[in-house]
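Some notes on the structure that comes next.
The values are calculated or read from the model by the stated rules, or taken from the named source; none is laboratory data. Predicted, not measured: the structure shown is a model, and the values here were computed from it. Every residue, glycine as well, gets a Cβ built from its backbone with ideal geometry; the counts of neighbours run over all protein chains shown. Ligands, DNA and RNA are stripped out before the accessible areas are found, and what is left, the full protein with its side chains, is counted by its heavy atoms. Shrake-Rupley method; radii C 1.70, N 1.55, O 1.52, S 1.80 Å.
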Amino acid sequence: MKKLFFLIILFCGIQSTQGQDGVGLRSGINLQKKVTKKVTLNLNGQARFNNDISYLQTYLFELGSEYKISKSFDAAVYYRFVNRKKDETKDFKQRHRFYADLSYGKKFGSIKFENRLRYQHQFKDNDGVTEFDASYIRNKIEASYSNKSKFTPYVSNDFFFQIGGTLDQLRPKIGVSYKINKKNAVDASVFKDIDLVGTENPGPVLGLIYKLKL
């Protein structure tokens, strides 16, 4: 019964995106390798398609390390290489992103609360010249429901504060993680970026990530 309930939650989230202009797709893989009890290495790759999934708009790779400070706190640093184009007719342009996370997590019964604070700094290629793009402070709040099944539903919202600017974007998300076994898991989600300062109104995005512990 619980499994059906979790699937209904995700289905309702997907259905709520219908009637809007296009649905994008982000698919990827996350590889984790525990080096010590406190240090974990992560290698991620993603393919991101445009809002009607007609062409590949972005692909990226990132490498990072997470450190468990205590039972509740974690820290991480990452480098991300991105190739992205604005539309199908344009060429791919490179971006280099560096970011650092500080995360806090605590359980209240079956509900796990997580708060991730991120600083990110990005450079982009402009006709062969690498120049500064933007810096952000991002605050992501997430609540997930732990249970005896292999399904873990969650909801989250990511707040984007541009340094030197203001809060300019929100990213609400609903999803469910499915634990296949001790080493393999799949995460399915749907989210939407909400532009608070401009006129952009991108459609919702479906996410599908495969996770493997090495």
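Of the residues SER70, SER54, which is exposed (fewer than 13 other Cβ atoms within 10 Å of the Cβ), polar (S, T, N, Q) and without any contact (Cβ under 8 Å) to a residue 12 or more places away in the chain?
On the way: SER54 fails: without any contact (Cβ under 8 Å) to a residue 12 or more places away in the chain.
When all the criteria are applied, what remains is SER70.
Which members of region 127-150 meet the condition of being within 23 Å of PHE81 (Cβ to Cβ) and open to solvent by less than 70 Å² (accessible area, probe 1.4 Å)?
Once the filter is applied, which keeps residues that are within 23 Å of PHE81 (Cβ to Cβ) and open to solvent by less than 70 Å² (accessible area, probe 1.4 Å), region 127-150 yields GLY128, GLU131, ASP133, ALA134, SER135, TYR136, ILE137, ARG138, LYS140.
Which condition number in (1) at pLDDT below 95; (2) more than 20 Å from ASP125 (Cα to Cα); (3) part of a strand (DSSP E or B) is the one that GLN94 fails?
So GLN94 meets the others, but not (2).
Starting from residues that are part of a loop (DSSP other than H, G, I, E, B) and among the β-branched types (Val, Ile, Thr), keep the ones in region 170-214 and report whichever is modelled with the highest pLDDT.
In the first step, residues of region 170-214 are kept if they are part of a loop (DSSP other than H, G, I, E, B); the result is 180-183, 192-193, 196-204, 214.
Next, from what is left, pick out any that are among the β-branched types (Val, Ile, Thr): 180, 197, 199.
Numbers: ILE180: 95, VAL197: 90, THR199: 80.
The qualifying residue modelled with the highest pLDDT is ILE180.
Specify the residue that is farthest from the chain's Cα centre (by Cα); the eligible residues are those in region 87-112 that are hydrophobic (A, V, I, L, M, F, W, C), closer than 30 Å to LYS71 by Cβ and open to solvent by 70 Å² or more (accessible area, probe 1.4 Å). I'd like the intermediate steps shown before the answer.
If we filter region 87-112 for residues that are hydrophobic (A, V, I, L, M, F, W, C), which is where we start, we get 92, 98, 100, 102, 108, 111.
Imposing the further condition that a residue be closer than 30 Å to LYS71 by Cβ reduces the set to 98, 100, 102, 108, 111.
If we keep only those that are open to solvent by 70 Å² or more (accessible area, probe 1.4 Å) as well, we get 98, 102, 108, 111.
Numbers: PHE98: 15, LEU102: 15, PHE108: 24, ILE111: 20 Å.
Taking the candidates together, the pick is PHE108.
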